[in-house]
Every structure is written in structure tokens, then in C-alpha cells.
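This report refers to the structure that appears directly beneath it.
The values are calculated or read from the model by the stated rules, or taken from the named source; none is laboratory data. These numbers were taken from a predicted model, which means no experiment stands behind them. Quick reminder, even Gly has a Cβ in these numbers, built from the backbone with ideal geometry, and neighbours come from all protein chains shown. Keep in mind that these areas ignore ligands, DNA and RNA; they rest on the heavy atoms of the full protein, side chains included. Shrake-Rupley method; radii C 1.70, N 1.55, O 1.52, S 1.80 Å.
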Amino acid sequence: FILKSADEPVKALVKEIGSAAGAAKKQMDEFAKQDKELEYDIADLPYLEKRGRDLQAKDDEHALLFSSGKEFELRLIFTQAQAMDYATQLCRGLIEKEDHPDRKDFLRNLAKETADFHDRLMKMLTVG
């Protein structure tokens, strides 16, 4: 928000999401310190899927950089909503494979938190 602006409710929610993401990363790093078998930096996606995601991220970045006002705000809300939905589904998939109780609880809580963020963002996209 140094170069772009958004209405205060949008800005506050995006900052809240950023703070939650930082806290989640900190916890994940702690899990990795406790269990040396955890490896987060292994690319496990097929090349074309990773390439498609990279291209989408570049398109989203371009759209955000070259928009302003309400268009910027709408794009920001939309991209954040997409990210929160993806995070929720990723957590749900990981829960199915996780056997460590603390990590499983962390993933359940993170899935709930990201789903809540998604719902709050979607409410900001109301048409009226």
C-alpha cells in the first residue's frame, strides 16, 4: 500500500491476512526445526502445472501493478480470495496425510482461518 491505495476495510483485511500468513510461516518453520524430515522446498508439481501457476502469478502481478482506484481494489480482493481458497484446499489435502497431532491441529486451524478470510473477501465482492 505504499504505491497503491484501497478503502480502509480492504486494506485492513489484506494486512490481517499478511500477518496471519507470517504467523503461519513462523509456525511451519518451527515444525521444520523440530522434525528434520519435513522438507518444504521440494517442488512436487508437474512442470506444466508449475509453469501455469507462474504465468498466472505474473498476469496477476501485472494486473495489480497497472490498475488503480476501484479496479485495483477489486483485483486485489479477487486475487486474495483466490489465494485464501487455494490455501484452504491445500490445508485440507495436507490434513488427510498428516499424522502428527500438533501439525494436524495447526492445519485444521489454518484451514478455518483461511476459509474465514475467503468468506470475508467474497462479501467485499458483492454486486449491488
Residues within region 76-107 that are without any contact (Cβ under 8 Å) to a residue 60 or more places away in the chain, loosely packed, with under 15 Cβ neighbours inside 10 Å and assigned to a loop (DSSP other than H, G, I, E, B), tallied: 1
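Would you please name the residue that is least open to solvent (accessible area, probe 1.4 Å), looking only at residues in region 32-75 that are more than 30 Å from S5 (Cα to Cα), in a loop (DSSP other than H, G, I, E, B) and of a type outside the set (A, V, I, L, M)?
Filtering region 32-75 down to residues more than 30 Å from S5 (Cα to Cα) leaves 32-51.
Then keep just the ones that are in a loop (DSSP other than H, G, I, E, B); that gives 35-46.
Keeping just the survivors that are of a type outside the set (A, V, I, L, M) gives 35-37, 39-41, 44, 46.
Details: D35: 45, K36: 158, E37: 159, E39: 117, Y40: 111, D41: 135, D44: 135, P46: 81 Å².
Checked region 32-75; the qualifying residue least open to solvent (accessible area, probe 1.4 Å) is D35.
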Which one is farthest from L13 (Cα to Cα), of the residues in region 85-128 that are modelled with pLDDT of 95 or more and β-branched (V, I, T)? I95
